Amino acid sequence: MLRITDDIVIQDWELTEQFVRASGPGGQNVNKVSSAVELRFEAERSPSLPDPVKRRLRRLAGRRWTKDGAVVIQVSEERSQARNREIARERLAALVQQALVAPKRRIPTKVSANQKRKRVEAKKARAEVKEKRGWDR
């Protein structure tokens, strides 16, 4: 069970972990131990996430979102399988936490009449300066 907030808890049946051999540091240990973790969260089928959160999660997950609606997180940073597993769960929790925050609606603003007037006056003044630069006068 992975607790995101007081209201949202991801159950164990929604998570699938697969351990694979990692590349990178670890010496001969890399060839023997499956320390990299691939954490799969069935987000689309999750009853604990509301629909708007699922939509935001899909957008935030990007390439990590699969066609069947799952988020896949791969971690192979540490030599320890347990530590990689912790990191993957932390990343998933952070991603869901980020998806919980609804973006603020942008309220379009209008340019004031005074600002428009000032802009036109500045353009006229600049045009006058350029006009006075004439060659054949």
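The values are calculated or read from the model by the stated rules, or taken from the named source; none is laboratory data. Everything numeric here is computed off the predicted structure, so don't read it as measured data. Cβ coordinates were reconstructed from backbone atoms using ideal geometry, including for glycine residues, and neighbour counts include every protein chain displayed.
Odds and ends about this structure:
- Hits in segment 65-82 - residues which are among the basic types (K, R) and at pLDDT below 90: R79
- Of the criteria (1) surrounded by 10 or more Cβ atoms within 10 Å (Cβ to Cβ); (2) on the phi < 0 side of the Ramachandran plot; (3) without any contact (Cβ under 8 Å) to a residue 40 or more places away in the chain, which one R106 fails: (1)
- The strands (runs of 3 or more DSSP E) located wholly in segment 1-80 that include 3 or more residues which are crowded, with 16+ Cβ neighbours inside 10 Å occupy 36-41, 71-75.
- Taking the criterion of being more than 16 Å from K54 (Cβ to Cβ) and at pLDDT 75 or above, the residues of segment 3-14 that qualify are R3, D12, W13.
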